[in-house]
1. Restricting segment 166-183 to residues that are touching a residue at least 24 places away in the same chain (Cβ under 8 Å) and surrounded by 14 or more Cβ atoms within 10 Å (Cβ to Cβ), which is nearest to residue 15 (Cα to Cα)?
2. Right, residue 55: at pLDDT 95 or above, within 25 Å of residue 12 (Cβ to Cβ) and assigned to a loop (DSSP other than H, G, I, E, B) or not?
3. Do we have any residue at all in segment 31-44 that's closer than 17 Å to residue 141 by Cα and of a type in the set (Lys, Arg)?
4. Name the one entry in 186, 224 that is under 30 Å from residue 22 (Cα atoms), in contact with a Gly (Cβ under 7 Å, 6 or more places away or on another chain), in contact (Cβ under 8 Å) with a residue 60 or more places away in the chain and surrounded by 16 or more Cβ atoms within 10 Å (Cβ to Cβ).
5. With more than 16 Å from ligand 2 (Cβ to nearest atom) and either part of a helix (DSSP H, G or I) or of a type in the set (A, V, I, L, M) (or both) as the only criterion, which of 14, 10 stands out?
6. Does segment 38-65 hold any residues that are within 11 Å of ligand 1 (Cβ to nearest atom) and more than 16 Å from the chain's Cα centre (by Cα), and which are they?
7. Can you pull out every residue in segment 13-24 that is touching a residue at least 40 places away in the same chain (Cβ under 8 Å) and either of a type in the set (D, E, K, R) or within 12 Å of ligand 1 (Cβ to nearest atom) (or both)?
Amino acid sequence: MYDNVDLTRVPQHVAIIMDGNGRWANARGLHRTQGHAAGEPALFDVIAGAREMGVKWLTAYTFSTENWSRDAFEVEFLMKFNVDLLERRRDELHADGIRIHFIGDRDDPRVPDDLRDRIAGAEALTVNNDVMHMVFAFNYGGRAEVVHAINKIAEKVAGGTLAPGDIDAVTVAHNLYLPDCPDPDLVIRTSGELRTSNYLLWEAAYSEYVFTPVLWPDFDRHTLADCIAEYQARHRRFGGAVDASDQSAPTTE
Ligand code: IPE
Ligand code: IPE
Ligand code: MG
């Protein structure tokens, strides 16, 4: 089924920027919101595929801190859509042993109360699951996440429990939204856009990026497998030197 993937070394954490819903809808003469609706089966096919391949953590960007700038109708649709989606899908995720997490600013007063309740309910329902972790990045911004971490750290310094000189990268990582989540190995962005759009700025420092022109509603477990195969062909160096066998010896002439 996943012939192009080496199932013995799948990335532990795959993070996805699900982009292109609006263009998918426009190309069919539909409203942008119908593109978002068409993105739901794509996401759930990808969740199933990730689980089958043995991916442990999957993060999906569902709404950015910048997406509030869209027109009120689209924003309202997306809020209602997220409520409905959690209502309809959480039991199925739970039955599959998937733990649901949310990262982002759920306490923002613009987030409807019923959505905040559903988020807390889905997290509580699935808290003991560990087959796979599904992280929804909702009202998420990488800069907001770092600011949030700085605020938490500043409170500890002000409270006298942390000395400024002891703050290091580990301190910052421990104060992110989901400190136990490993950094993403692979970040995928659909729709051909070549930017991060404020996604996982701290965590993706050494992630491999795969950009695909496929619009999100056309993405599925097989396109995910293709992206993982591309990732597996990469050589991650984390700042180290190219392996000696990859380079020719210097000439002395
Ligand atoms: C991604 O699709 C979904 C969200 C940002 C909520 P877009 O809505 O950004 O689709 P395009 O980029 O306009 O095609
Ligand atoms: C990023 O896509 C956010 C989500 C997929 C939720 P956008 O469509 O909002 O990003 P830009 O505006 O093209 O950078
Ligand atoms: Mg977009």
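1. 183
2. yes
3. Checked segment 31-44: no residue is closer than 17 Å to residue 141 by Cα and of a type in the set (Lys, Arg).
4. 224
5. Of the residues listed, the single one that is more than 16 Å from ligand 2 (Cβ to nearest atom) and either part of a helix (DSSP H, G or I) or of a type in the set (A, V, I, L, M) (or both) is 10.
6. 38
7. The answer is 16, 17, 18, 19, 20, 21, 23, 24.
Every residue, every condition in (1) assigned to a loop (DSSP other than H, G, I, E, B); (2) away from ligand 3 (no atom under 16 Å from the Cβ), yes or no:
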position	(1), (2)
191	yes, no
202	yes, yes
205	yes, yes
213	yes, no
217	no, no
226	no, yes
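The values are calculated or read from the model by the stated rules, or taken from the named source; none is laboratory data. Quick caveat, the model's predicted, so the values are computed rather than measured. Cβ atoms come from the backbone with ideal geometry, glycine included; neighbour counts cover every protein chain shown.
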